[in-house]
Amino acid sequence: MEKDIKYRYNDLSERYHKMNCFYVIAACLIWTMYLVYLFLKLASKSIAPPTAYGNITLIIMFFAMNLFIYLRNKTSHRLKTVISVEIGLEFLLLGMQTNADFLFFTALGILILQIPYYDHKAYRSTCIAYSIITTLILVIRLIKMPEIADVDFVCRYIASYILYYVLCHISYTAKLFSDDALNAAKEKSELQKSMLEKVLDICRTFFMLKK
């Protein structure tokens, strides 16, 4: 019993349960940050009300959807995918409609939180998708305000692409290390079991001969 509790996160469902809880909390904090930003922009009259209210409605819908999926199945494998798509969509919309730079930190935060899921194939697709979204935001901002293309602007986007690549590689390395550790432990356990069976066979043979 103690052994099962000690290694409970070796079970995929337990791992998803733990990560989903943290992931939903992080997503709720990001949605709250987006809402605060939009309300502050409305208060300062620096954003069109239809744009702000449209995003606020979308965020509240996403917020409710995340909680519904989590409460319905706390070990859901789809939750991280749904949240990353939602964050990516709002990242794109706000990125094109405003000049908020904190959006890039929220995108990186969501990517960082996905690493412990050890699902590199899906993670790589998410990193590529976020890179495409970042490129779309870059293009739209340059079309709307070409004068913002200074050294800091260029370096900020280059840093974003580098971080996407680095995180993707970290995910791959973490998955590789995890798989190797699990396989090594499995092989060691099988070897010990095989040796024990051989010892038992020798003991049985010895007692049979003695009789």
Can you tell me what the convex hull of the Cα atoms of the range 38-91 projects to on average, as an area in nm²?
3.9 nm²
Exposure of MET33 as accessible area (Å², to 10), given a probe of 1.4 Å and all protein chains:
90 Å²
At a temperature of 37 °C and a viscosity of 0.692 mPa s, determine how fast the range 1-136 diffuses translationally according to Stokes-Einstein, using the Kirkwood radius over alpha-carbon pairs as Rh; express D in µm²/s, rounded to the nearest whole number.
205 µm²/s
Can you give the local net charge around LEU58? Use residues other than it whose beta-carbon is closer than 10 angstrom to its beta-carbon, Lys and Arg +1, Asp and Glu -1.
-2
Take the solvent-accessible surface of the protein heavy atoms, probe 1.4 Å, and return the percent of it on the range 1-160 that carbon and sulfur atoms account for.
69 percent
Stretch ILE158-THR32 to full length: gain in nm at 0.36 nm per residue minus the Cα-Cα span?
42.6 nm
Suppose every K and R has +1 on its Cβ and every D and E has -1 on its Cβ; what is the size of the dipole of the range 66-174 about the Cα centre, in Debye to the nearest 20?
520 debye
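The values are calculated or read from the model by the stated rules, or taken from the named source; none is laboratory data. This one's a predicted model, so the numbers in the text were calculated from it and none came from an experiment. In this analysis, Cβ positions are derived from the backbone assuming ideal geometry, glycine residues included, and neighbour counts consider all displayed protein chains. Surface areas here come from the heavy atoms of the whole protein model, side chains and all, with no ligands, DNA or RNA. Shrake-Rupley method; radii C 1.70, N 1.55, O 1.52, S 1.80 Å.
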